[in-house]
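Take a look at the structure below.
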Amino acid sequence: MHADVKVLVVDDEDVLRQMVARVLKYMGIESDSATDGFNALEKLKAKTFDIVIADIRMPNMDGMELLKVIRKEYPATDVMIMTAHSSKYSYVDVVETGAVDFITKPFSVEELKAKIERILRERQTLGELAKKTSQLEQAYMELLTLKDEEERICRDINYEKEFLLQEIDRLRDDNKRLSAVKQGNKK
């Protein structure tokens with residue numbers, strides 16, 4: 001079940017909104033609905049939705065305009081566009097504008113469920129990928145910190161080595177002077 005997932009269904013047809021809401025409820029997904037793009041934006045301002053399923057042809061603001069606003073203002077929200085066969089927009093148009101999927105009316109309940117499940121799997125995979133990326137970045141930063149510490153230790157060791165070499169040279173010089181003094185005293 002997907003109890004933590006929230007979907008907004010946007011369509012000016014009551015019957016379609018209700019049918020999609022029933023499918024979502026059956027899938028264990030919380031949903032809300034809006035009758036047009038403006039109403040959808042009001043709902044998006046008030047609440048976070050994971051997915052918006054929007055009709056392409058609606059009064060006031062069509063689905064493509066809504067899609068563009070959602071992509072800009074709510075980038076974490078995925079959008080699936082619904083359209084009739086006679087739509088002026090193609091799958092390519094919709095996906096290039098930023099939709100994660102496209103479904104043609106009339107569609108079966110099974111097709112709708114399959115598309116929603118695919119979107120949810122992709123969201124989960126992207127979330128896991130983002131988490132792993134964050135973990136890798138953190139590990140990389142820790143390695144850099146260790147490398148910096150290692151370099152500091154090496155510098156300290158080199159300074160100590162240089163100091164000891166200078167001390168050895170000084171002691172050698174002192175030894176030579178003492179030897180010379182001893183040699184002079186023996187004569």
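At-a-glance table
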| read-out | value |
| --- | --- |
| Residues located in region 95-110, provided they are aliphatic (A, V, I, L, M), assigned to a helix (DSSP H, G or I) and more than 19 Å from M27 (Cα to Cα) | V95 |
| Top-ranked residue in region 33-64 [being under 25 Å from the mean Cα position of the chain (by Cα) and in a loop (DSSP other than H, G, I, E, B); ranked as nearest to E111 (Cα to Cα)] | D50 |
| Residue list for region 10-32, restricted to those being within 16 Å of I81 (Cβ to Cβ) and either within 24 Å of the chain's Cα centre (by Cα) or not β-branched (V, I, T) (or both) | D11, D12, E13, L16, R17 |
| Qualifying residue in region 13-25 (condition: at pLDDT below 95, among the hydrophobic types (A, V, I, L, M, F, W, C), farther than 20 Å from Y74 by Cβ and outside any helix (DSSP H, G or I)) | no |
| Residues that are crowded, with 18+ Cβ neighbours inside 10 Å and closer than 21 Å to M64 by Cβ, drawn from region 1-31 | V7, L8, V9, V10, D11, L16, R17, V20 |
| Residue, modelled with the highest pLDDT, within region 1-12, restricted to residues that are acidic (D, E) and in contact with a Ser or Thr (Cβ under 9 Å, 6 or more places away or on another chain) | D11 |
| Odd one out for E110 among (1) under 25 Å from the mean Cα position of the chain (by Cα); (2) at pLDDT 90 or above | (1) |
| In region 78-88, the residues that are free of Cβ contacts under 8 Å to residues at least 40 places away in the same chain and buried (at least 18 other Cβ atoms within 10 Å of the Cβ) | V79, M80, I81, T83, S87 |
| Any hit, region 116-124, residues being modelled with pLDDT of 80 or more, within 29 Å of the chain's Cα centre (by Cα), outside any helix (DSSP H, G or I) and within 30 Å of L16 (Cβ to Cβ) | no |
| For P59: the one exception among (1) surrounded by 13 or more Cβ atoms within 10 Å (Cβ to Cβ); (2) touching a residue at least 40 places away in the same chain (Cβ under 8 Å); (3) more than 21 Å from L126 (Cβ to Cβ) | (1) |
| Single condition M80 does not satisfy, out of (1) modelled with pLDDT of 95 or more; (2) assigned to a helix (DSSP H, G or I); (3) not small (G, A, S) | (2) |
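The values are calculated or read from the model by the stated rules, or taken from the named source; none is laboratory data. As the structure is a prediction and not an experimental result, all values here were calculated from the model. Ideal geometry is used to build each Cβ from the backbone, glycine not excepted, and the neighbour counts take in all protein chains shown.
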